[in-house]
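Rule-based calculations on the coordinates, nothing more; no lab input. Please read all numbers here as calculations on a predicted model, not as lab measurements.
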Amino acid sequence: MQIGKQSVVNVLKCIELIMEAGDGSRSDETVDEKTAKQFKTGGNEKATKNVERLEKLKTLKQRRFEAKRLNRAEVVEEDRKSKLPSNWERRQQRAEWKLADIHKRKECEEKGLDYDRVKVMDITASDAERVDVLKKRKKDPDQGFSSKPDCLKL
């Protein structure tokens, strides 16, 4: 791998800045913050551009960290969902429906109403007809022809 002259110069400048920043005094400031302060005090255009670049780099690092955190959370959630049974959502809907049914029964009981009548009032005519057709099919299913003489009786 070849290293260009410009990258070597940039690395040397960074090393010089780190050496200047590491004056022996230990503080809570990071090297980036110290170099940013040094650049701000310099006052030339290159220094301000470098400060802007350092600030931009810092925000980009924060964004990357946030994206990493959110991605990890999504992966964990997806893994959790993949380990659930295939009919989990249907079970949840059924459990929620049962809870809603119990609450409605209690409300009707408190008001002194008949729950079955209140429940029927919420059902549309087309839904009631569809349920009625399904019940009839269950009650008297068409078995077809069970033998050859049954077929010939028509």
Principal axis box of the stretch 88-137, alpha-carbon based, largest edge first, Å
37, 31, 15
Just subtract the alpha-carbon distance of Arg90 and Leu60 from 0.36 nm times their residue separation and send over the number in nm, one decimal.
6.6 nm
Greater than 28 Å apart at Cα, pairs in Lys13/Lys58; Lys98/Lys139; Lys104/Lys139; Lys56/Lys81
Lys104/Lys139; Lys56/Lys81
